Amino acid sequence: MCRSESHRIVLQIGGSIAAFKAAALASKLVSEGYELQCILSEGGRRFIGESTFEGLTGRPVLGDIFSAGRALDHIALADWADLILLYPASANRICRLRSGLADDLIGALFLANNFRKPWWIAPAMNINMLRHPAVSQALEILGGWGCRVLPTGRGRQACGSEGEGRLLEPDDTFKLIREHFA
Ligand SMILES: Cc1cc2nc3c(=O)[nH]c(=O)nc-3n(C[C@H](O)[C@H](O)[C@H](O)COP(=O)(O)O)c2cc1C
């Protein structure tokens, strides 16, 4: 619980079939007193709508780095946040972060933050995507730079495969966040 002291979390939602789980996590965090700012990636918007997160958090969802009046969000959010979480993190996003691409808000925030605030990555993808050297090596590099890569779960995946790569469940992610701030 964090009701006595507000903790600020940037929740970035990537383009995975598991994006709906971010709504459950956002709901839990808000109900436990955390302050949330959500960012939807271009891919994330194909899976879940921004009204869901605006409704849950009471804050407009960010995403477009070129929106009028929002040009310095990538700088301001790194100052504002206590924790920055990418949940779910797609294979595409993981490889982009590893390359330092900053052509959207998530990429620009990653560089502007430069590990001043904790940056967590919760991968969610098909087992073969997760095992691909492009992705597995990117995760190793990101971990070596200082990102916390959350474990994936095992089980049946949306595509029908069995194995690793399922997004860490919202309740388990919430527990890690609570422990982090304890
Ligand atoms: C139905 C569907 C489900 C997908 N699920 C995943 C997924 O779970 N993980 C993943 O890495 N990519 C998945 N993809 C591919 C990503 O959505 C795609 O690479 C996208 O560009 C990622 O967006 P982002 O970079 O904004 O996260 C899926 C694509 C489709 C059409």
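The values are calculated or read from the model by the stated rules, or taken from the named source; none is laboratory data. Everything numeric here is computed off the predicted structure, so don't read it as measured data. Cβ placement follows ideal geometry from the backbone for every residue including glycine, while neighbour counts extend to all protein chains displayed. The protein model used for the area step is the full one, side chains on, heavy atoms only, and it has no ligands, DNA or RNA in it. Shrake-Rupley method; radii C 1.70, N 1.55, O 1.52, S 1.80 Å.
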Going through (1) assigned to a helix (DSSP H, G or I); (2) open to solvent by less than 70 Å² (accessible area, probe 1.4 Å); (3) in contact with a strand residue (DSSP E or B) (Cβ under 8 Å, 6 or more places away or on another chain); (4) of a type in the set (A, V, I, L, M, F, W, C) one by one, MET129 fails only at (2)
For region 73-101, enumerate the residues that are away from the ligand (no atom under 13 Å from the Cβ) and touching a residue at least 12 places away in the same chain (Cβ under 8 Å).
-> ASP73, HIS74, ILE75, LEU77, ALA78, TRP80, ALA81, ASP82, LEU83, ILE84, LEU85
Looking at region 151-159, is at least one residue at negative phi, of a type outside the set (Val, Ile, Thr) and at pLDDT 95 or above?
-> yes
Scanning region 19-62 for residues that are in contact with a helix residue (DSSP H, G or I) (Cβ under 9 Å, 6 or more places away or on another chain) and at positive phi gives GLY58
Report yes if some residue within region 79-96 is assigned to a loop (DSSP other than H, G, I, E, B), more than 15 Å from the chain's Cα centre (by Cα), of a type outside the set (Val, Ile, Thr) and exposed (fewer than 13 other Cβ atoms within 10 Å of the Cβ); otherwise report no.
-> no
Filter region 19-46 for residues that are in contact with a strand residue (DSSP E or B) (Cβ under 6 Å, 6 or more places away or on another chain) and not in a helix (DSSP H, G or I); which is surrounded by the most Cβ atoms within 10 Å (Cβ to Cβ)?
-> LEU40
